[in-house]
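Readers should treat all values here as calculations from the given coordinates under stated rules, not as data from a laboratory. Just so it is clear, the model here is predicted, and its values are computed rather than measured. Methodologically, a virtual Cβ is constructed for each residue, glycine included, from the backbone with ideal geometry; neighbour enumeration extends over all protein chains shown.
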Amino acid sequence: MSDIEGLTNHQVRLAARPNGLPGPDVWDHTSEPVAEPAEGHIVVQVTHVSLDPAMRGWMNDGKSYVPPVGIGEVMRALAAGRVVASKNSGFAVGDVVTGTFGVQEYAESDGAGVQTVHPTDEVDVPTYLALLGMTGMTAYFGLFDVGALKDGETVVVSGAAGAVGSVVGQLAKIKGCRVVGIAGGPEKCAWIVDELGFDAAIDYRAENVKKALRAAAPDGIDVYFDNVGGEILDAALTQLRFGARVPICGAISTYNATEVPPGPANYMSLLVNRARMEGFLVFDFVDRFGAAAKEMAGWLAEGKLRSREDVVSGQVSDFGEVLLRLFRGENTGKLVLQIA
């Protein structure tokens, strides 16, 4: 008898397109037997699901960098797990792997895009979804390639206590930069300064961001790494230095808007300062992931980088409620659902 015979796969499927925050009516909870993998395929028992702001965009029925999740389809998600059945010579039963496995307990894959990882006592599985995964790659290439960072510059990052922002700030510090983080609440602001080494923090919930930026970056901003969009982006544009770069990673403040949000009012600062604002996707740099991950792992081992995962233990069915923590600003670091 196969080790997977008789197992049941519980899944979360997209039942409807959300309008605003995705509530319980957006999800359909289904189950089906776990089948033997097809020739060349593997079956992965999912242990950790990555929760990312980009998921909100994947639910919309509109043109984007990837097709939307279809109604009735398992919700797309990056995840980690253990191979429990294999008909693919590249993977053995017991291998720990990461890939786009979706929000479900078991996933069948042909192995495309699946990476074998090697967790240790020092580097556990969630870290491969965070600092050593897509999150870390987004920070690395967004700051160094798109942001064209130079040693000693002034860097401001929004969403600074989030998964990507917290890594961006640390990378900039490694390069000898002055780093200002914008985050929500005194606990997050204290964390990025006291533990991650940011030079200053701005609490957007309690401070006038535009005024606070003038005080924290009096000589202006060389790189503004934007994760939130909206009014905070507008405030940062007023403080750009000549030749500044603005990598656009995300705009979480607008993802659940029920009306089209206005564009930045202060965009003429880009012209006056001969600055550049550029969107990017981490997938554009996939051929360099290996080298970047090796460098990041080295900094992690040296203690120059810290990875913080906000791990919530629960069932697959808890996904919808845990996802909302992202949009409520309740997570610090990388949000991960661990399947109990």
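Side notes on the structure shown:
- Across D219, D121, D203, mean-square fluctuation computed from a Gaussian network of the chain (C-alpha pairs under 10 Å connected) peaks at D121.
- Each of D310, D145, D25 was scored by other Cβ atoms within 10 Å of its Cβ. Arranged with the fewest first, they read D25, D145, D310.
- 222 nm mean residue ellipticity, helices alone, for the chain (DSSP H n ≥ 4; -39,500 (n - 2.57); rounded to 500): -6500 deg cm²/dmol
- The relative contact order of the chain comes to 18 percent, based on Cα pairs under 8 Å that sit 6 or more residues apart.
- Remark: C177, C189, C249 ranked as C177, C189, C249, counting other beta-carbon atoms within 10 Å and listing the fewest first.
- Relative contact order of region 134-283, defined on C-alpha pairs under 8 angstrom at six or more residues apart (%): 23
- Around the Cα centre of the chain, unit charges on the Cβ atoms of Lys, Arg, Asp and Glu (plus for the first two, minus for the last two) sum to a dipole of about 1320 debye.
- The aspartates and glutamates whose alpha-carbon is closer than 19 Å to the alpha-carbon of K188, local same-chain residues fewer than 8 away aside, are D52, D199, D203, E207, D226, E309, D310, E330.
- Within region 92-170, the GluC sites (Glu not before Pro) that combine a DSSP coil assignment with at most 13 other C-beta atoms in a 10 angstrom radius are E122.
- Segment D110-S317, extension gain: residue separation times 0.36 nm, minus the distance between their alpha carbons: 72.0 nm
- Region 1-71 and region 123-153 have Cα centres separated by 26 Å.
- Within region 134-283: Cβ-based charge dipole about Cα centre, in debye rounded to nearest 20 (Lys, Arg +1; Asp, Glu -1): 340
- For peptides 87-94, 273-280, sequence by mean Cβ density within 10 Å, most packed first: 273-280, 87-94
- Listed residues S89, M75, G111: farthest to the positive end of the dipole of region 1-140 (Cβ charges): M75
- Cα gyration tensor shape of region 134-283, rounded if a/c is under 1.5, else prolate or oblate by comparing a/b with b/c: rounded
- Inter-label distance for E207 and W299, nm, one decimal - labels placed 7 Å from Cα along Cα-to-Cβ: 2.3
- Taking the number of Cβ atoms within 10 Å of each Cβ as an exposure proxy, the fewest-first ranking of S307, S31, S86 is S31, S86, S307.
- Equivalent ellipsoid, the chain (semi-axes from 5 times Cα gyration tensor eigenvalues, Å): 36, 22, 17
- Spin-label zone in region 148-176 - amide nitrogen under 14 Å from a point set 7 Å from the Cα of R325 along the C-beta vector: 162-163
- Among G263, G99, G320, residue whose mean-square fluctuation peaks in a GNM of the chain (springs only between Cα atoms under 10 Å): G263
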